[in-house]
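**Q** Quick one: the structure is below, questions incoming.
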Amino acid sequence: MGYTQRVIDDLKERYADQPEFIQAADEVLTSIAPAVDANPAYEQAALLERLVEPERIIMFRVPWIDDAGKVQVNRGYRIEFNSALGPYKGGLRLHPSVNLSILKFLGFEQIFKNSLTTLPIGGGKGGSDFNPKGRSDREVMAFCQSFMTELCRHIGPDTDVPAGDIGTGAREIGYLFGQYKRIRNEFTGVLTGKGLTWGGSLARTEATGFGLVYFVEELLSERGESFEGKRVNISGSGNVAIYAAEKAAALGATVQTMSDSTGWILDPAGIDLAAIHEIKEVRRGRLSEYAETHPSCEYHEGRGVWSVACDIALPCATQNELQIDDARALVAAGCAVVGEGANMPTTREATDYLIDQGVAFCPGKASNAGGVAVSALEMSQNSERLSWTFEEVDAKLKGIMVGIYHAAADAAAEFGHPGNLVVGANIAGFKKVADAMMAQGIV
Ligand code: NDP
Ligand code: 2IT
């Protein structure tokens, strides 16, 4: 049995209770096996055994007081996974489903994603099982202050730089930043996704969604195609989904669907994105409100965006939301491209099926890297105490996404899987991290 397979088997036994982490690690390790087996020095240095083990996991209690005066207790986490390429970098997820398995999968993916950006950032992730939904601003602030009171001992602009993810947006980053500054007495770029008047980067809000569309646009242009006239189905209606929809529509596509955790909408005429912005970003409401004011739209409870025929599918909500039956329905209806905006939204079975059927599949660690890439640009701007224009940041973002597409496509071809961007992204991301870890000794 080869070295890579032994590490996978050991991991499956050791972390049998962490299915999402095993899913992510198994996919990466399986696809980098040819690159690993070509270099026996990796095994001597136990490179893979070190790669799959976080450098540090911080777990802590987060007590706070709700509006009724009751003490609430949540669990807080930060996974400092790998610092070979730079300070740990990655978002904070606030969602009741958060646990160690989900954060380890996200932190592990982040290592390779951040490597692909070409920018100097290591991989990390964190969050809490706190649910911001339905909480008042004061409750969210109380939670964020308590969370940061502990987290601030472990992070810093040259150590670990968190950002947003599901449930963590501009409001939460503001409260977290305020508390860090108060305790540490430092105004530094310790978080990204900050407000534009206090150190945030222009285009960070748009970056993940825009970046996803730039990545798919490059793939299409290699085939002599574009977004013009394409039917695009999107899942989710949060930060990533909204700006993916905006850019796809700007490039001439019709965005037909969006969803939230309650239901989904189909508007064949093209979704009115100003209305979505108002409902989801301003009022923090439900998508069902869209249907009330848009008679051309259908609203359905539950899940279902992948049952609608489309040319391009962009899953932008959460992990394992595009499953084998969805993949079969998409292929049967002629979908040619799946671009992941979320992290690991497609199950392994569905991914393999889509690739097998000739669908151009863009894995999230490549296609959603635009968010963290602009976060790294925010760090640069904070270090030089300057702000770049929207156009400057957007142009850099586009260049980075086009570069990631070609790095993944080239690595796929080099290792005998032309067109397989899963293999290509994993190998291209891995090689840089592996080189750095080998150079830095046994740490
Ligand atoms: P948001 O919290 O802004 O939006 C998440 C969206 O997905 C919401 O519409 C939410 O519905 C829906 N959703 C979340 N969880 C579930 C669930 N369990 N079932 C059904 N729907 C769900 O998060 P983001 O847009 O920031 O993140 C979306 C995805 O993109 C995540 O996988 C994240 O890790 C990934 N990502 C985010 C980046 C960023 O910069 N923000 C960068 C790269 C990847 P509802 O409104 O009902 O909560
Ligand atoms: O999954 C991700 O890449 C993010 N949530 C963004 C991380 C970041 O540091 O901007």
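The values are calculated or read from the model by the stated rules, or taken from the named source; none is laboratory data. Here the structure is a predicted model, which means the values were calculated and not measured. Glycine gets a Cβ as well: all are built from the backbone with ideal geometry, and neighbour counts include every protein chain shown. Remember, those area values only see protein heavy atoms, side chains included, never the ligands or the DNA or RNA. Shrake-Rupley method; radii C 1.70, N 1.55, O 1.52, S 1.80 Å.
**Q** In debye to the nearest 20, how big a dipole does the chain give about its Cα centre with +1 on each Lys and Arg Cβ and -1 on each Asp and Glu Cβ?
**A** Roughly 1340 debye for the chain.
**Q** Given the protein chains as shown and a 1.4 Å probe, how many square angstrom of C316 are accessible, to the nearest 10?
**A** 10
**Q** Would you mind putting 343-350, 10-17, 117-124 in packing order, based on average other-beta-carbon counts within 10 Å, highest first?
**A** 117-124, 343-350, 10-17
**Q** For R93, what residues show an amide H to amide H distance below 5 Å, using hydrogens built from the backbone and excluding near sequence neighbours?
**A** G126, G127, S128
**Q** Here's a follow-up. Which of the aspartates and glutamates could a cross-linker span from K70 if the Cα-Cα distance has to be under 13 Å and same-chain partners fewer than 8 positions apart are dropped?
**A** E139
**Q** What area, in nm² and to one decimal, does the C-alpha convex hull of region 1-148 cast on average over all directions?
**A** Answer in nm², one decimal: 9.9.
**Q** Now, a different point. Report Rg(Cα)/(2.2 N^0.38 Å) for region 197-238, keeping two decimals.
**A** That ratio works out to 1.50.
**Q** Further, regarding this structure: Could you work out the relative contact order of region 392-443, using alpha carbon pairs under 8 angstrom and six or more residues apart, expressed as a whole percent?
**A** Over region 392-443, the number comes to 25 percent.
**Q** Now for a separate question. Take every Cα-Cα distance within region 266-331, group them into 10 Å bins from 0 onward, and report for each bin the whole-number percent of pairs it holds.
**A** P(r) over region 266-331, rounded to whole percents: 18, 47, 32, 4.
**Q** Ok, one more. Taking a threshold of 28 Å on the Cα-Cα distance, which of the pairs K280/K431; K280/K398; K230/K431; K89/K247; K230/K398; K247/K396 fall above it?
**A** Beyond 28 Å: K280/K431; K230/K431.
**Q** In whole Hz, with x marking every Gly and Pro, tabulate ³J(HN,Hα) for region 87-94 from phi via Karplus 6.51 cos²θ - 1.76 cosθ + 1.60, θ = phi - 60°.
**A** x, 3, 9, x, x, 10, 9, 10
**Q** Please give the FRET efficiency for K12 paired with A413, using the beta carbon to beta carbon distance and R0 = 22 Å, rounded to the nearest 0.05.
**A** 0.15
**Q** Defining a contact as two alpha carbons under 8 Å apart and six or more residues distant in sequence, what relative contact order in percent does the chain show?
**A** Value for the chain: 15 percent.
**Q** Roughly how far apart, in whole Å, are the Cα centres of region 118-183 and region 189-219?
**A** A separation of 17 Å, based on Cα centres.
**Q** Where a Cα-Cα gap under 19 Å defines reach, which aspartates and glutamates qualify for K133, not counting those fewer than 8 residues away within the same chain?
**A** Straight-distance partners of K133: D66, D67, D165, E172, D260, E278, E281, E289, E301.
**Q** Solvent-accessible area per residue for the chain at a 1.4 Å probe radius, Å²?
**A** Heavy-atom SASA per residue in the chain reads 39 Å².
**Q** Note down the Stokes-Einstein diffusion coefficient of region 232-281 in µm²/s, whole number, using a Kirkwood radius over alpha carbon pairs, 37 °C, and 0.692 mPa s.
**A** It diffuses with D of about 311 µm²/s by this estimate.
**Q** Once the Cα atoms of the chain are picked out, what are the Rg and Dmax in Å?
**A** Rg then Dmax for the chain, in Å: 20.8, 64.
**Q** Can I ask one more? Between D67 and T197, what is the FRET efficiency for a Förster distance of 30 Å, r being their Cβ-Cβ separation, to the nearest 0.05?
**A** 0.55
**Q** Still on this structure, I have one more. Summing Lys, Arg as +1 and Asp, Glu as -1, what charge do residues with Cβ under 10 Å from the Cβ of P96 carry, P96 excluded?
**A** Computed value for this residue: 0.
**Q** If we sort 157-166, 364-373 on the protection proxy, mean other Cβ atoms within 10 Å, highest first, what's the order?
**A** 364-373, 157-166
**Q** Output the Cα-based Rg and Dmax of region 154-194 in Å, rounding Rg to one decimal and Dmax to a whole number.
**A** 9.6, 28
**Q** Further question: Please give the FRET efficiency for K133 paired with A41, using the beta carbon to beta carbon distance and R0 = 56 Å, rounded to the nearest 0.05.
**A** Efficiency, from the Cβ-Cβ distance: 0.70.
**Q** May I pose another question? Whole-Å semi-axes of region 89-203's equivalent ellipsoid, largest first, each the root of 5 times a Cα gyration tensor eigenvalue?
**A** 21, 18, 13
**Q** Relative to the compact-globule scaling 2.2 N^0.38 Å, provide the ratio for the alpha-carbon radius of gyration of region 116-169.
**A** 1.33
**Q** If you don't mind, there's one more thing I want to ask. Which order do T293, T262 take by accessible area at a 1.4 Å probe, largest first?
**A** T293, T262
**Q** Can you give me the % of accessible surface on region 309-443 that is carbon or sulfur? Probe 1.4 Å, all protein chains present, nothing else counted.
**A** Percent of accessible area from carbon and sulfur atoms in region 309-443: 53.
**Q** Kindly give the semi-axes, whole Å and largest first, of the ellipsoid equivalent to region 288-376, taking each as the square root of 5 times a Cα gyration tensor eigenvalue.
**A** Ellipsoid semi-axes (Å, largest first): 23, 19, 11.
**Q** Would you compute, from DSSP H runs of 4+ residues alone, the mean residue ellipticity of the chain at 222 nm, taking -39500 (n - 2.57) per run and dividing by the full residue count, rounded to the nearest 500?
**A** Result for the chain: -15000 deg cm²/dmol, rounded to the nearest 500.
**Q** Next question, about the same structure. Could you please put D260, D272 in sequence from largest to smallest accessible area, using a 1.4 Å probe?
**A** D272, D260
**Q** Along region 272-285, what does the Karplus equation 6.51 cos²θ - 1.76 cosθ + 1.60 (θ = phi - 60°) give for ³J(HN,Hα), rounded to whole Hz, x for Gly and Pro?
**A** Working through the residues one at a time gives 7, 6, 5, 5, 4, 4, 5, 5, 8, 8, 8, 8, 6, x Hz.
**Q** Something else: Please list the helices of the chain that count as membrane-span-like by this rule: a mean Kyte-Doolittle hydropathy of at least 1.0 together with Cα atoms stretching 15 Å or more along the helix axis, each helix being a complete DSSP H run.
**A** Membrane-span-like by this criterion, though nothing is claimed about a membrane: 421-439.
**Q** Additional query: What are the extents of the Cα atoms of region 344-440 along their three principal axes, listed from largest to smallest and rounded to whole Å?
**A** Projected onto the principal axes, the Cα atoms of region 344-440 cover 48, 34, 22 Å.
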